[in-house]
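Throughout, read-outs are computed from the coordinates displayed, never taken from laboratory work. As the structure is a prediction and not an experimental result, all values here were calculated from the model. Here the Cβ positions follow ideal geometry from the backbone for every residue, glycine too, while neighbour counts run over all protein chains shown.
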Amino acid sequence: MSITSTNLDNILPLIAKGKVRDIYEVDSETLLFVATDRISAYDVIMENGIKDKGKLLTQISVFWFEFLSDSIKNHIIASSDEEIFAKLPKELSEPKYKNQLAGRSLLVKKYKLIPLEAIVRGYITGSAWKEYKNSGTVHGTAVPDGLLESQEFPSPIFTPSTKADQGEHDENISPKQAAEIVGQKVCDDVAQKAIDLYTKARDYAKTRGIILADTKFEFGITDNGELVLVDEVLTPDSSRFWNAKSYVLGKSQDSYDKQFLRDWLTSNNLNGKEGVSMPEDIVSQTSSKYIEAYEALTGKKWNV
């Protein structure tokens, strides 16, 4: 059974509900992130979910937070069920709540958020390829002529977007526009840190037979100006992972994500429509892709 919504009966206040996560306030400095099995495509959440998707996303994030911990501070207070439930109100250890939270939760520290999506692109694909074909730029910035679809950039590039309110669309912006929003120093720090983290993750992924084409980071900031890695990190929902064995220059690549779902919606003229339920074969194929990504990246067998 998939968990597409959580209900903690106001034991903790629900302060935000995103496309995937339900976020509860534990106290003035602590949040409980719960990754549900909701899945969205074309900015619409499907009626049914992908079993264990939230658990997979959470465990992939935990893997990367630990992998990058010597490069940047992160917001995690507790990531194991034992640690998390020890810090939550005792009522939440009752089965009806624990079944909603176990394996898919993180206890995190609140930080002031930097209002940017820090996107790093190592390969030209997606919206960047579309813009490049039209104008020869990526996020308004000139890049080399003659690139082919899915080609690697000479070096990774920082291509920020706005961080829209829930229900609104993020907007691709140039680094110059990003600096106008957050200030030049913060923008430069975010760009450099995001590229450094991407590069480290990209190089590791290559050893696992995976190409990390692009990813999105989110950062908080401490009172003394130190960047903190927050949100989710390097999951199939926030990144484009390709199988290196099937990579072919000059065309679109299959990703470890919800491509089966997008293709099914498009072929049935359902993209962008509300109230859609996925057939079982699409649920199963999409689930398999998330499991494949987890196992390829972490080297562990998924046995939940």
Worksheet item: Listed highest first by mean packing, meaning other Cβ atoms within 10 Å per residue, what order do 218-225, 247-254 come in?
Response: 218-225, 247-254
Worksheet item: Where in the range 218-246 is the amide nitrogen less than 19 Å from a point lying 7 Å along the Cα-to-Cβ axis of Ile15?
Response: 218-224, 228-232
Discussion item. Per DSSP helix of 4 or more residues, -39500 (n - 2.57); summed, then divided by the residues of the chain. What does that give at 222 nm, rounded to the nearest 500?
Written reply: -10000 deg cm²/dmol
Item to complete: Report the label-to-label distance for Asn269 and Tyr247 in nanometres (one decimal), using points 7 Å from each Cα along the Cα→Cβ vector.
Response: 3.9 nm
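Between Tyr204 and Lys300, 0.36 nm times their residue separation minus their Cα-Cα distance comes to what?
On the way: separation 96, 0.36 × 96 = 34.56 nm, distance 1.51 nm.
The span from Tyr204 to Lys300 would gain 33.1 nm if fully extended.
Suppose we look only past 26 Å in the calculated P(r) of the range 1-146. What percent of the Cα-Cα pairs does that tail hold?
39 percent
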Worksheet item: Given H placed 1.01 Å from N in the peptide plane, which residues other than close sequence neighbours of Ile77 have an amide H under 5 Å from its amide H?
Response: Leu107, Val108, Lys109
Worksheet entry | Karplus (6.51, -1.76, 1.60) ³J(HN,Hα), θ = phi - 60°, over the range 242-252, in Hz, Gly and Pro reported as x | 10, 6, 4, 5, 9, 5, 9, 5, x, 8, 5
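Given charges of +1 on the Cβ of Lys and Arg and -1 on the Cβ of Asp and Glu, with all other atoms neutral, how large is the dipole of the chain about its Cα centre, in debye to the nearest 20?
Around 560 debye, computed over the chain.
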Practice prompt. Using only alpha carbon positions, build the gyration tensor of the range 1-55, then give the equivalent ellipsoid semi-axes as the square roots of 5 times its eigenvalues, largest first, whole angstrom.
Written response: 22, 12, 9
Worksheet item: How far is it, in nm, from the label point at Lys130 to the one at Asp223 when both lie 7 Å from their Cα along the line to the Cβ?
Response: 4.4 nm
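Report the trypsin sites (Lys or Arg not before Pro) located in the range 1-108 that are in a DSSP loop and have at most 15 other Cβ atoms inside 10 Å of their Cβ, or state none. Walk me through the numbers before you get to the answer.
Working: sites: Lys17, Lys19, Arg21, Arg38, Lys51, Lys53, Lys55, Lys73, Lys87, Lys90, Lys96, Lys98, Arg104; in loops: Lys19, Arg38, Lys51, Arg104.
Those that pass, being in a loop and sparsely packed, are Lys19.
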Practice prompt. Work through the residues other than Gln177 whose Cβ is under 15 Å from its Cβ and net out their charges, Lys, Arg +1 and Asp, Glu -1.
Written response: -4
Worksheet item: Which peptide among 141-152, 232-243 comes first, and what is the full order, when sorted by highest mean count of other Cβ atoms within 10 Å?
Response: 232-243, 141-152
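With viscosity set to 1.306 mPa s and temperature to 10 °C, compute the Stokes-Einstein D of the range 112-270, Rh being the Kirkwood radius across alpha carbon pairs; µm²/s, no decimals. Numbers along the way, then the final one.
On the way: Rh = 16.5 Å.
Roughly 96 µm²/s, to the nearest whole number.
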Worksheet item: In straight Cα distance, which aspartates and glutamates are under 13 Å from Lys96, not counting same-chain residues fewer than 8 positions off?
Response: Asp9
Item to complete: In whole angstrom, note down how far apart the Cα centers of the range 111-165 and the range 236-298 are.
Response: 21 Å
Worksheet item: So how far apart, in nm, are the two label points at Glu66 and Leu148 if each is 7 Å from Cα heading toward Cβ?
Response: 3.9 nm
Practice prompt. Consider all pairwise Cα distances in the chain and report the whole-number % of them above 37 Å.
Written response: 12 percent
